[in-house]
Amino acid sequence: MTAKTIKDYLNKGVRRLRHRKGFGVHSPFAFSIITDVIEEKSAYYAYANMSRTYGAKAPIPFKVACLLLRLANHFKARRILEVSCDGGYSILPVLLTDSRNAIISIADSRQKKDTLKLLSWYKERFGQLTFFESLSFVADDYRADLMIVSSLPPGFTQQDFAQWVLSHTHETSLIFVKGIQPKQPLVDFWDSFCDNESIDITMDLYDYGLAIRKPRFYKQHYVVSF
């Protein structure tokens, strides 16, 4: 076990003690998201189909995939945009959520091929998927209900990309961000989101961030045990 692994383990242990079960959260809306979605322990019907997919080499852990499913289900996210494609691991849970979901993934030819291979057992849902090679193909008037951000697209600064995300989401959208800790890829992007007046609720899940656009709410930031 490396020094970094030990440090991360201890940091997460402290979080579990200080920030579990919504302790200290006074907003009923935020408390509900933490206790009923993020910390939900009940088994969903799709977990069994998902569990075989997320081994040690998967880019996201199984528990994160389960969280994406719960978020998409709870907020009834129908239009989902993935930036950038991780080979299908983030797509699978939101694909399983509802047959009405329409998913756009920013993917090169190899990522698209890997995704279709990973999801080959679920070909009946391929009609819900659209692959674009770059963000330039996303329509100006497109607004995602849920946006999953895995990396900074080529040609964007962290701040410019934050503005692009805001222009392609709506008043009640969710933005799920991977890699928000210091020295991780999207820490500056996440920080700009936390400071942006258009984002009302942000939740720090350690390696992951959840931003919620919820007008008429006071700006709130929470550290959540996950």
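Pairs with C-alpha atoms separated by more than 28 Å, drawn from the list Lys41/Lys178; Lys76/Lys183; Lys57/Lys183; Lys63/Lys113; Lys41/Lys183; Lys178/Lys214, are Lys76/Lys183; Lys41/Lys183.
If you take every DSSP beta bridge fully contained in the chain, what fraction is antiparallel? Give it as a percent rounded to 5. Antiparallel bridges make up about 30 percent of those DSSP assigns within the chain.
Each Lys or Arg adds one and each Asp or Glu subtracts one; over the other residues with Cβ under 13 Å from the Cβ of Trp164, this totals -1.
In terms of the Cα gyration tensor, with a ≥ b ≥ c the square roots of its eigenvalues, is region 71-199 rounded because a/c is under 1.5, prolate because a/b exceeds b/c, or oblate? Since a/c reaches 1.5 and a/b is larger than b/c, the shape of region 71-199 is classed as prolate. Relative contact order, percent, of the chain when contacts are C-alpha pairs under 8 Å separated by at least 6 residues? Result for the chain is 17 percent. When Rg and the Kirkwood radius Rh are both evaluated on Cα atoms of the chain, their ratio Rg/Rh stands at 0.94. Full extension of the chain between Gln159 and Ser27 yields a length gain of 44.7 nm, computed as 0.36 nm times the residue separation minus the alpha carbon distance. With each label modelled as a point 7 angstrom along the Cα→C-beta vector, the Arg125-Lys63 pair spans 2.3 nm.
Across region 150-207, the relative contact order, built from alpha-carbon pairs under 8 Å that are at least six residues apart, equals 37 percent.
Read the figures in this text as sums done on the coordinates, not as results from a lab. These figures come from a predicted structure and were not determined experimentally. Counting neighbours? That spans all protein chains shown, and the Cβs are built from the backbone with ideal geometry, glycine included.
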